[in-house]
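Reviewing the structure listed below.
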Amino acid sequence: MAFNRTLITAALPYANGPVHIGHLAGVYVPADIYARYLRLKGQEVMYVCGSDEHGVPVTIRARKEGITTQQVVDRYHELIKRSFAEFGISFDIYSRTTSAIHHRFAADYFRAMYEAGQFVEETSEQFYDPETGHFLTDRNIRGECPRCHSLGAYGDQCEKCGATLSPDELINPYNAETGNALAKKATKHWYLPLDQYQAWLEDWILNQHKEWRPNVYGQCKSWLDGGLRPRAVTRDLDWGIPVPVEGAEGKVLYVWFDAPIGYISNTQELCADQPQKYGNWEKWWKQEDTRMIHFIGKDNIVFHCIVFPAMLKAQGYNLPDNVPSNEFLNLEGDKISTSRNWAVWLNEYLEDFPGKQDVLRYVLTANAPETKDNDFTWADFQARNNNELVAIYGNFVNRALVLTNKYFEGKVPSCGELTDYDKATIEDFKNVKATMEELINAFRFRDAQKEAMNLARIGNKYLADTEPWKLAKTDMERTATVLHLALQIAANLAIAFEPFLPFSSEKLRAMLCPSSLQGGDGGRLFDWNNLGNIDLLKAGDALGEVSLLFEKIEDAAIQAQLDKLARIKAENEKAAQEEALRNWRPEPVKEPNSFDEFEKNDIRVGTVLECTNVKKSDRLLQFRIDDGMGGRTILSGIAQSYPDPSVLVGKQVLFIANFPPRKMMGIESQGMILSAVDADGKLVVTTVSAPVKNGCQVG
């Protein structure tokens, strides 16, 4: 059907810290590109977002800092909102889930579903900290990963191996904040019976939305194939929206239930504030001629494609038409992690690179993880700025404008007769509008931005081939035609790049047509519908003040960022070691063994005479041992635990003397050095505290 308006939602960021480049690349930049594109086409659009302030992470942050949860969300809500605005994310509203309107509407939504019998009640055993008296959410629980046996895995995921987990799977689970051991306790909650929506969801997603991205469609299919089960919509917490029914004291709405309702309450808030512009909120959520698009990261696919649609269906709301979800963006080869501070934070970027919002927007779009996880590196950031934005786009615009100032007193020159080469150049970009529309409508923003940059390449090549600086010596009429066409290409670039690089597009419009920034006829020159038009600027029109569109980024600025990451990495390694030591537990005792079997091992004491690294091996150390019987050579794979093996010389160590000789790296090893695996994974050679005769047996 034909749609008269588009509602765009962007996943609500947690207000427990700033936003980082992973959030931007996954959600906010692509959503902003789409919103700006539709507005540029003159369509009715609403772009909605806000801070998610009821998650467990905000309560953890509050306890960590010794302040109230409200103080935490107030601080980060304002920081995130300000950063988005400075970065050019053009929300129509950026609100929050602690607002009065949201609390009221979310409670009403729950109550309406409750009174319609759309929940089921269940009592179940859940993890509980007897010392603090609190039930724990999945993210509050940590323990040993059952897959890779890494210590410190969360109750919902192991960050080391990436496995999706449940708290019941963890080995030796404990309270992530206190370290306390956990118990199970019965508690009652309300559940959304997703199993009752299984058949409808299968038809709606698998049959009616095969055009969704493969990662979205595939993840939904996997969940549906596994059979949907009821999902809790309430939690035993003291921070959140109280469950508005009797018998629910001490319980709040689970954050995944209340957060997406924020899209609706934010719409209500905006419509109440600006009714003349946006009308009644229900037209955005209940009228069939409204198209809804959810922009999310892949960790939110299930909530926005299965859970939230079931909630919307239950209450007669519109369903999303598409849910473009990007994969994850890594940083310098490592997974971005808020808890490890391994990220490029937006607020810090804006301070470190003032005025370079569009550079980051460009790089994140050029490297967008649309179909697979991608990696952000500072080297690539610098290269794309210097080699593309500066050397191609900026170079073309600067040459066209500077030459116009030089030869035609800063006024658009007249266009004379077009040559075959001029016509061929025009032909090269006549389809740019149709191509970009096709790509943007398919949410292929990376390729659409490439098309915009290809237009800059066409312009650069045109000036390089026609050489107007040489023509001006002999043929000013031809020079005028060349620069006229070059300026028309520049005007097209201001349109093509507007959804992607709004700051530089505004700057370029001011240089080409100052009146465009004051509205009037000049403002309509740069509508999307004029993309591809070669008659945007009129002969005789005065240009504005010319300045560089982009500037080079020097090595020193990049090195400063790499140094910052190196410090963070070192801090993380230290913290990980401390965490491992705090939560270390002895390995379970092995299967019973008889004393007779033990006695077969001839364990003796020997003094280390020499200890050196084995050539071409990063693992092996070569020991020369005084064993009291003429000496022996033993190889041991502990080199990484002893960067300076000479520290072992003179120590009396324990070794097994009766293992058969074995050749490694061409050297015969005559036994095995005994070592202990410490809590941090380091191998420590077992030594004798009081001197004994070399060759003595251990018994």
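List of remarks:
- For region 653-696: span of alpha carbons on each principal axis (Å, largest first): 32, 31, 14
- Ordering of 69-78, 473-482, 496-505 by burial proxy (mean other Cβ atoms within 10 Å per residue, highest first): 496-505, 69-78, 473-482
- The coefficient of translational diffusion for region 493-574, derived via Stokes-Einstein from the alpha carbon Kirkwood radius under 10 °C and 1.306 mPa s, stands at 101 µm²/s.
- Radius of gyration, Dmax [region 180-226; alpha carbons; angstrom]: 16.4, 49
- With Cα atoms, 0 to 90° folded angle of helix 432-441 axis to the chain main axis: 40 degrees
- For the chain, the longest principal axis of the alpha carbon atoms and the long axis of helix 29-40 meet at an angle near 10°.
- Extension gain, residue 120 back to residue 473 (0.36 nm per residue minus Cα-Cα distance, nm): 118.6 nm
- Net dipole in debye of the chain [+1 Lys, Arg Cβ; -1 Asp, Glu Cβ; about Cα centre; nearest 20]: 900 debye
- Note that region 178-184 has calculated 3J(HN,Hα) couplings of 9, x, 5, 5, 10, 10, 10 Hz, one per residue in order, obtained from phi through the Karplus relation 6.51 cos²θ - 1.76 cosθ + 1.60 (θ = phi - 60°); glycine and proline are x.
- By average C-beta atoms within 10 angstrom, highest first, the peptides 622-634, 110-122, 445-457: 445-457, 622-634, 110-122
- For residue 433, the aspartates and glutamates whose Cα falls under 14 Å of its own Cα, not counting residues fewer than eight places away in the same chain, are 447, 451, 498, 527.
- Over 27 Å between alpha carbons, listed pairs 210/298; 430/473; 277/430; 335/590; 372/450: 430/473; 277/430; 335/590
- Per-residue HN-Hα couplings for region 366-376 [Karplus 6.51, -1.76, 1.60; θ = phi - 60°; Hz; x = Gly/Pro]: 4, 10, 4, x, 6, 10, 7, 4, 10, 10, 8
- Charge dipole (region 349-400, unit charges on Cβ, about Cα centre) - positive-most of 385, 369, 350: 385
- Remark: the chain is approximated by an ellipsoid whose semi-axes, taken from the C-alpha gyration tensor as √(5λ), come to 58, 40, 20 Å, largest first.
- Residue 207-residue 41 FRET efficiency (beta carbon distance; Förster radius 41 Å; 0.05 resolution): 0.85
- Counting DSSP beta bridges with both ends in the chain, the antiparallel % (nearest 5): 70 percent
- Residues residue 563 and residue 663, FRET efficiency given R0 of 51 Å [Cβ-Cβ distance, rounded to 0.05]: 0.65
- As computed over region 280-408, the Cα convex hull volume per residue (Å³): 202 Å³
- Descending by average beta-carbon neighbour count within 10 Å, the peptides 13-19, 271-277 line up as 13-19, 271-277, the highest first.
- Residue-wise HN-Hα couplings along region 631-648, as the Karplus relation 6.51 cos²θ - 1.76 cosθ + 1.60 with θ = phi - 60° gives them from phi, are x, 7, 10, 10, 9, 9, x, 10, 4, 5, 8, 10, x, 10, x, 5, 5, 8 Hz; Gly and Pro carry x.
- Alpha-carbon centroids, region 172-234 and region 238-309: separation in whole Å: 18 Å
- Amide hydrogen neighbours beyond the local backbone of residue 686, cut-off 5 Å, H modeled: 654, 674, 675, 676
- Across region 1-150, the volume of the C-alpha convex hull divided among the residues equals 218 Å³ per residue.
- Value of Rg to Rh for region 111-253 (Rh from inverse mean 1/r over Cα pairs, i.e. Kirkwood): 1.03
- Kirkwood hydrodynamic radius over Cα pairs of region 377-518, then Stokes diffusion coefficient at 25 °C and 0.890 mPa s, in µm²/s: 155 µm²/s
- On Cα atoms only, tilt of 56-65 relative to the major axis of the chain in degrees: 70 degrees
- D by Stokes-Einstein for region 109-188, Kirkwood Rh over Cα pairs, 10 °C, 1.306 mPa s: 116 µm²/s.
- Stretch gain in nm, segment residue 238-residue 587, where the contour uses 0.36 nm per residue and the Cα spacing is subtracted: 122.0 nm
Values in this text are rule-based calculations from the coordinates and carry no lab data. Not measured: the values here are computed from a predicted model. Heads up, the Cβs are rebuilt from the backbone with ideal geometry, glycines too, and the neighbour counts pull from every protein chain shown.
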